Every structure is written in structure tokens, then in C-alpha cells.
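Below: one structure, written as C-alpha cells.
Readers should treat all values here as calculations from the given coordinates under stated rules, not as data from a laboratory. In this text, all values refer to a predicted model and were calculated from it rather than measured experimentally. Here the Cβ is made from the backbone with ideal geometry for all residues, glycine too, and neighbour counts use every protein chain on show.
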Amino acid sequence: MDLLHNLILGFQVALTPFNILFCLIGALIGTLVGVLPGIGPVATLAILLPTTFYLPPVAALIMLSGIYYGAQYGGSTTAILVNLPGESSSLVTCLDGYAMAQRGRAGAALAVAALGSFFAGTVATLFIAIASPPLSQVALQFGPAEYFSLMVLGLIGAVVLASGSLTKAVTMVFLGLLLGLVGTDTNSGTQRFTFGMPVLSDGIGFVPIAMGLLGITEIITNLEQQRHTPVVMMKIGRLMPTREEFRRAWPAVLRGTGIGSLLGVLPGGGALLASFAAYAFEKKVARDPARFGSGAIEGVAAPESANNAGAQTSFIPLLTLGIPSNPTMAVMVGAMTIQGIAPGPRVMVTQPELFWGIIASMWVGNLALVIINLPLIGIWVRLLTVPYRLLFPAILLLCCIGVYSLNSSPTEVGLTALFGFFGYVFYKLGCEPAPFALGFILGPLMEENLRRALLLARGDPMTFVSSPISLALLIAAAALLALVVVPAFKRTRAEAFREG
Amino acid sequence: MQRGIRLHINKDVVAGLMFMAWGVAGLWLARTYPVGTAMRMGPGYFPNVLGWLLLVFGLGIAVRGALTEGEKLTAWYWRPLAMVLLSFIVFAALIDRAGLASAAAAATIVGAYGGPEFRWREVPLLAVGLTAGAIALFSYALGLPMQIWP
């Protein structure tokens, strides 16, 4: 069987000592940033991007993906014990998780969160392994017109599912696309927007952009909120859930896994959306919704399973189509580019060991995370007492050296600061950086495919609607946009992002 | 009673103006790039389209913002912003001239000054510790070719 054969290949790659080591490092760093409020996985990935330059591609990507799903485990710990979301995708876990902790059931909540995440991770891993090959088969047939339409759909999806003002998000995409064009035009060799600076002739590096916009801005805004975390820790208590808790939790884990796996694949989807949707859904199907908010175990089990499943399945569009669906995946594209890998359907054919190695490592990482999280939970909790005033200079220094080490270019360090400034301006004006990052990554690709498609069609724009695949993708994009205008959906969207 | 339209200044108005500024800058910088035709696009085609889109959407956002209450602008916190950015600039200025040791120490101290509290006894220790750690990790363990001392 093909699937079995592929998974065996994957495990052969993932289970080499070297790759296990980096899977563990990723899972540990992920747990760390998950536990600590104020540093998210996107910022961490952006900050650690330069270090992956020195690793072989498989180890680099295994480590980075470990950080993303590892953060989903760690985030629940802080949410349950301290009532602070360690991670935005654990926001809803606070509601019932902390309430459980107040009743002395923190241990059970933590255990259900970790085991639910593990179950979700296992299912999501299988889901990726099964869904990816056919999807990449389809994608291999794509011409430039189909690719262009796919990117339109991806960008619109990301915008619709993002929180905040839709028009501003769309405009941020345009701005990202524009800045993505900086550098030498591949067709004509013209230098665009380079101001005659040699550092810019290859385009603005993704590392300065990602680190500045997603990492530094986060540090500055954290400092401005002056987080004096009054860490009032709850007692963990017995880890074992009672029979009653177990009976209530497992269907919620199943539902959360299903919702998370599906929502992760959507453009704009991922851990955050998955956890909110799963919590809202639990409340809908519960026989007694009033229990939610006062320590319903389903309110922990479902979103925690969903965010882990969503974190993992959001790799599907990246690995099969080469289209990042959320900013974390955009950073993964950056990592692949640093390694000289062009993300897309070809990766599975030309580098099966990379593709299946990453997938198999996800299961290995999930297994490691259960061990890291449950017995060792005390260590992680103690980390919360490290004050931010000692932590953030260390992060800043890591950023400086990281950017510099890539090209030994002080100018790029300066560029990072510049984008940190822009990021702060965007934050102050309520403009989200995520659509910008996606636009920036897709900008050159989109222009290239648009040009090629129109060249092949002799300048006839009908080429985008005459191909059935391209037409279907554009219709889906238009439908998504139309959906947002419907008042009922608008309300749900606003509610979903307010609080489960 | 006063009649007529009341204009507001809020996040959307400023955001719209910012987008328009980016659009104008893009169009102005791209004015010399050949646009070409839809079939054979020149290097100026896509930038021009995006420049106009930014301009039009920015205008729309600003106008709509001015007509509605919207979200109020919030105060800027200059100290963390300036110090964090300055720590990068200090690092960039020193790294090639003075080496990793002084660049790292200076960046740490400047950055720490942006924090909510700056403890005079703690920060030098932190700077020395982080610098030593950075040299050990990046220069010795990872073997990056970086000059350490001036």
C-alpha cells in the first residue's frame, strides 16, 4: 500500500537520532513560547528563521513545525493554571479551564488538554498523509491561470477569516503585494523600488520583514502593556480525570478534532480559528449550555484538540499547493526558500523524504509533547516567574544576531528595525500584519503567474474563466467575499472573534 | 441645532491616509517603469495596478472612517518603541566596526532601557551574561564567522 510505504519512509527519516533531536528541540521551544504569554509561535518562528540556515532542510522544517504545534500544547497550561492565554489560540480554554482549576480540577483539565491534543495530532497526521497526495496530483496539472486564481482564493480566504476590518485587511494585502515586488524584475531585469541599494536588488528579505513586522512589533506592544503578571498559580491536583469527566470529554475531543482538521485546511485557517469554532460548536450541541464558563470539561477538550489539529492540517495547503494559509505558514515558506526549496506540489515528487519526514515527525513530536507536558508540567509553570524585563533583551539580541548572521549585512538589521516601526504603525491603526505577510510572500509569484497566463492567452483575460479549475477557484473566492456582505455572517464573524 | 455632517478623526481615517501615501509613493517611484500591454506586461504594470488600488481603497477607508465614529486613536508609547528600534540600529552600527562583544552588550543595554523598569544594578550583569552567551552560542558552538573584538 502506498500510504503505508510512504509513512514508513517518513518514519525512517523522522526517527534518525539527528532528526529526533531537532523534533524535540522544536517541541521544547514550542512548549516554552506556548507557556510564556507575550511571545507567540509566529514571532518565535520569525526570530529563529536565520538559525535554520545552518541546518539540513529536513531538520530545519521538523524543528519549525514542532514549534508551531508545540505551542498549542504549552498554551493550555498557562490558560488553565493562571487564567492567561499563553497563546491566542488558547484564549477560549481560559474560560472553562481556569474555572475547573478553581474547583481543584486543574490536573484533569491539563490531562484532557494534553491527551486530546495528542489524539487530534495523531488524526491530523493521518489526515495530512491521506489528503496530500491526491491534492498535489491535482495541483501538478495547474497552469499559470489556475495558480493565479488559487492565490486570489488564498488571499481572499485569509482576509475573510481574519479578524477586524475587511477593507483594511484587503488593502494590507495590496500593500504586501507591492512591497513583494521590490527588487529585480525577473522578466526585464529592471530594478524596482531599490533606490539603487544593492541589498534590495534581490528584494526585501523575508527575514527582516517577518521579524520586524511579526516579532519586534509584538515585543514593543508587550512592553507598552507593561505586563506585570501577577502569577497566582492554581494547584494542579490529581491528573486523572474522573469517569464522569472522561465520559463528557471524549466526544468533545472527537468533535474538536474534526472541526480543527477541516478548518486548518481553509485559507486563513489554522489553530486560532479552529479553537474558537470548536468552542462555539460545543456550546451549541451541549444539552446544558449554561455549564460553559463555569468549568465544563468539554470547553477544554474541544478547543484544545481543535487548535492542535488545525495547526497541523494548515500544513496541507503549504505542502501540496505551495500556498501558505496563515502567517505561520508564510514563515515556513520563508524557511523553505532559505533552504532553496520551492514549495509546491513538486516537493512531494522530488523530495519525498522531506515531505514524509516532516509528516512523520509530527506524530513523533506529538508523542514527545505529551511526555514533555504532563509529568514535567511543574518545570514549565515555574518559567512563568521569569520576569519579562529580563526576557525581552535576550530576544532582541537573538533577533539582531539572527538577521545579521544570514548575509553578514548590517543594513538588513536596520531594515528589520524599519519594519518593526511600520509594524507598530499598523498596530496603532488597527491594520493586521497577517494579510500583509501573505501578500508579500505571494506578490512575486502572483505577478509571474499573471504575466505568464496572459502571455499564453495572448492578452485575453478570459483565460481565467475559460479553464474550469480556474473558474471554480474564482467562484469560490467571490462566494467567500459575498458571504461577508451577508449580515448574519458578519455578526457571526464578529462574535466568533470576540469570545467563543 | 447644528446640522450637516460631522467629521471624525479615528484609526480608519489615518489608516486610509497611510494607504494613500503608500499608493502615491508606489506610483511615483514606478512612473519610469515601462507598463507594457496586458499580453506583454512590462515591469511597471503590476506596480501601477497596486498603486491605484492602494490609492482608491485608502481613500474609501479614510472617507468611511471620517463619516463614522470608529475606533479612537490611542497614544503612542515612545520609549519602548524608540529603545527597541535603537537597539537594532546600535547593533547594526557596531557589529562590523567594533565586533560582536560590544555590539551585543550595547544592544542589550539600549533595549533594556525600553522596558517598564530599568534596574541599574541588574542591567550590566544582564548585558555581560547575554553577550557571553551569544559569543559562546554563535561564535563557538555554531561557528559563525563573526568578529568578536574590535
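Partner chain Cβ atoms within 10 Å, averaged over the residues of A:210-217 - can you pull that number for me? Could the numbers behind the result be given before it?
Numbers: counts 0, 1, 2, 0, 0, 0, 5, 2.
Mean inter-chain Cβ contacts per residue within 10 Å come to 1.
For chain B, the longest principal axis of the Cα atoms and the long axis of helix B:78-98 meet at an angle of about 60 degrees.
The C-alpha atoms of chain B define a longest principal axis, and helix B:11-29 lies at about 90 degrees to it. Here the relative contact order of the stretch B:1-145, from alpha carbon pairs under 8 Å that lie six or more residues apart, stands at 22 percent.
Peptide B:119-129 has a mean shielding of 2, counted as Cβ atoms of other protein chains within 10 Å of each residue's Cβ.
Loop only by DSSP, 13 or fewer other Cβ within 10 Å of the Cβ. Give me the trypsin sites (Lys or Arg not before Pro) in the stretch B:53-150 that pass, ordered by residue number.
Values: sites: B:Arg64, B:Lys72, B:Arg97, B:Arg119, B:Arg121; in loops: B:Lys72, B:Arg119, B:Arg121.
Taking the stretch B:53-150 and a limit of 13 other Cβ atoms within 10 Å, the loop trypsin sites (Lys or Arg not before Pro) found are B:Lys72, B:Arg119, B:Arg121.
Calculated mean residue ellipticity, 222 nm, chain B: -20000 deg cm²/dmol, from DSSP H runs (n ≥ 4) at -39500 (n - 2.57) each, averaged per residue and rounded to 500. The spacing between the stretch B:77-117 and the stretch A:53-128, judged by their C-alpha centroids, is 34 Å.
Using only helices, what value at 222 nm comes out for chain A when you add -39,500 (n - 2.57) per DSSP H run of length 4 or more and divide by the total residues, to the nearest 500 deg cm²/dmol?
Details: 23 runs with 357 residues, N = 500.
Computed mean residue ellipticity for chain A: -23500 deg cm²/dmol.
Once you average over the residues of B:137-144, how many Cβ atoms of partner chains fall within 10 Å of each Cβ?
On the way: counts 3, 6, 1, 0, 0, 4, 1, 8.
Rounded to a whole number, the mean comes out at 3.
The base-10 log of I(q)/I(0) for the stretch A:178-227, evaluated at q = 0.25, 0.26 Å⁻¹, reads -0.86, -0.90 [Debye formula, identical scatterers on Cα atoms, solvent excluded].
Averaging Cα coordinates gives a centre for the stretch A:228-306 and one for the stretch A:180-196; these two points are 48 Å apart.
How large is the Rg to Rh ratio of the protein assembly as shown when both quantities use alpha carbon positions and Rh follows Kirkwood? Could you put the intermediate results ahead of the total?
Values: Rg = 24.4 Å, Rh = 25.4 Å.
Reported Rg/Rh, Kirkwood definition of Rh: 0.96.
Within the stretch B:71-150, report the GluC sites (Glu not before Pro) that DSSP leaves as loop and that have at most 10 other Cβ atoms within 10 Å.
Numbers: sites: B:Glu71, B:Glu117, B:Glu122; in loops: B:Glu71, B:Glu117.
The qualifying sites are B:Glu117.
Taking chymotrypsin sites (Phe, Trp or Tyr not before Pro) across the stretch B:84-150, the ones in a DSSP loop with at most 15 further Cβ atoms lying within 10 angstrom of their Cβ are B:Phe118, B:Trp120. Going by alpha carbons, how many degrees (0 to 90, nearest 10) lie between the helix axis of A:91-102 and the longest principal axis of chain A? Compared with the principal axis, the helix lies near 10 degrees.
Across the stretch A:357-500, the relative contact order, built from alpha-carbon pairs under 8 Å that are at least six residues apart, equals 6 percent.
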